[in-house]
1. Tally time: how many residues in the stretch 78-103 are open to solvent by 30 Å² or more (accessible area, probe 1.4 Å), under 14 Å from Val28 (Cβ atoms) and in contact (Cβ under 8 Å) with a residue 40 or more places away in the chain?
2. In the stretch 65-74, is there at least one residue being among the hydrophobic types (A, V, I, L, M, F, W, C), at pLDDT 95 or above, open to solvent by 10 Å² or more (accessible area, probe 1.4 Å) and touching a strand residue (DSSP E or B) at 6+ places or on another chain (Cβ under 8 Å)?
3. Which ones in the stretch 31-48 are in a helix (DSSP H, G or I) and surrounded by 16 or more Cβ atoms within 10 Å (Cβ to Cβ)?
4. Restricting to the stretch 158-174, and then to whatever is within 12 Å of Glu123 (Cα to Cα) and modelled with pLDDT under 80, can you tell me which residue is surrounded by the fewest Cβ atoms within 10 Å (Cβ to Cβ)?
5. Every residue in the stretch 114-157 that is among the hydrophobic types (A, V, I, L, M, F, W, C), in a helix (DSSP H, G or I) and either exposed (fewer than 15 other Cβ atoms within 10 Å of the Cβ) or in contact with a Lys or Arg (Cβ under 6 Å, 6 or more places away or on another chain) (or both), please.
6. If you take the residues in the stretch 49-64 that are aliphatic (A, V, I, L, M) and open to solvent by less than 70 Å² (accessible area, probe 1.4 Å), which one is nearest to Met107 (Cα to Cα)?
7. Criterion first (buried (at least 22 other Cβ atoms within 10 Å of the Cβ) and either assigned to a helix (DSSP H, G or I) or among the β-branched types (Val, Ile, Thr) (or both)) does Glu106 satisfy it?
8. From the list Gly58, Gly70, which one is free of Cβ contacts under 8 Å to residues at least 24 places away in the same chain and either at positive phi or touching a Lys or Arg at 6+ places or on another chain (Cβ under 9 Å) (or both)?
Amino acid sequence: MYSERLTYRPVTPADLDAFHGLVRDEHVRRYLMDGNVFPPEWSAGHIRDSQALFASTGIGLWLANDRQSGALVGFCGFLVLPDVHARPELVYALVERFTGRGLATEMARASIAEARAHAPLDEILASVDEVNAASVRVLDKLGFERAGTKPGAFGNILMMRLRADALAIPAARP
């Protein structure tokens, strides 16, 4: 699949080093991992979880690369995070040098389009640390609404949802 500036491919066990490098990146782990550093086994487990989710629903995690340079930008897609939601939730992360260009919005939009094309979800779920203003803006732009809060490592975690009848998200290209 691809979007205007990015290409996407499902993360596989062969991508362990690349994926683990992303989740160890200081900018990525600041909010997404609550600042924690996890071992390679953690990343391998999430790759397996993503593959299982792809097999059952058609959605999971994608690595995102810049279409022009081929550089690894980050990852996006869906994971079940049992401490937050029992259903798949939207996740996206990019290395800091790619921030501030609208790429997080582009990645999230492409992930949502794929979810709507492959998985019968009545709503798209997401959670974000309230202090992560950039990520809150991304979800607001896409039409997510606040559905609640819960305590997190940095204060409140906003529980967000995008209803099926909300803003139409153009489909990503296969």
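1. The number of residues fulfilling the criteria is 3.
2. Step one: list which residues in the stretch 65-74 are among the hydrophobic types (A, V, I, L, M, F, W, C), which gives 71-73.
Then keep just the ones that are at pLDDT 95 or above; that gives 71-73.
Filter once more, so that each one left must be open to solvent by 10 Å² or more (accessible area, probe 1.4 Å): 71-72.
Among the residues that remain, those that are also touching a strand residue (DSSP E or B) at 6+ places or on another chain (Cβ under 8 Å) are: 71-72.
Scanning the stretch 65-74 turns up at least one residue that is among the hydrophobic types (A, V, I, L, M, F, W, C), at pLDDT 95 or above, open to solvent by 10 Å² or more (accessible area, probe 1.4 Å) and touching a strand residue (DSSP E or B) at 6+ places or on another chain (Cβ under 8 Å).
3. Across the stretch 31-48, the qualifying residues are Tyr31, Ser43, His46, Ile47.
4. That would be Asp165.
5. Within the stretch 114-157, Ala117, Ala133, Ala134 qualify.
6. Taking the stretch 49-64 and keeping what is aliphatic (A, V, I, L, M), we get 52-53, 55, 59, 61, 63-64.
Cutting the leftovers down to open to solvent by less than 70 Å² (accessible area, probe 1.4 Å) gives us 52-53, 59, 61, 63-64.
On the way: Ala52: 21, Leu53: 18, Ile59: 14, Leu61: 11, Leu63: 10, Ala64: 8 Å.
The selected residue is Ala64.
7. Values: buried (at least 22 other Cβ atoms within 10 Å of the Cβ): no; either assigned to a helix (DSSP H, G or I) or among the β-branched types (Val, Ile, Thr) (or both): yes.
When the stated conditions are applied, Glu106 does not pass them.
8. Values: Gly58 fails: free of Cβ contacts under 8 Å to residues at least 24 places away in the same chain.
On inspection, the qualifying residue turns out to be Gly70.
The values are calculated or read from the model by the stated rules, or taken from the named source; none is laboratory data. As the structure is a prediction and not an experimental result, all values here were calculated from the model. Neighbour counts run over all protein chains shown; Cβ positions are idealised from the backbone, glycine included. Side chains included, ligands, DNA and RNA excluded: accessible areas come from the protein's heavy atoms. Shrake-Rupley method; radii C 1.70, N 1.55, O 1.52, S 1.80 Å.
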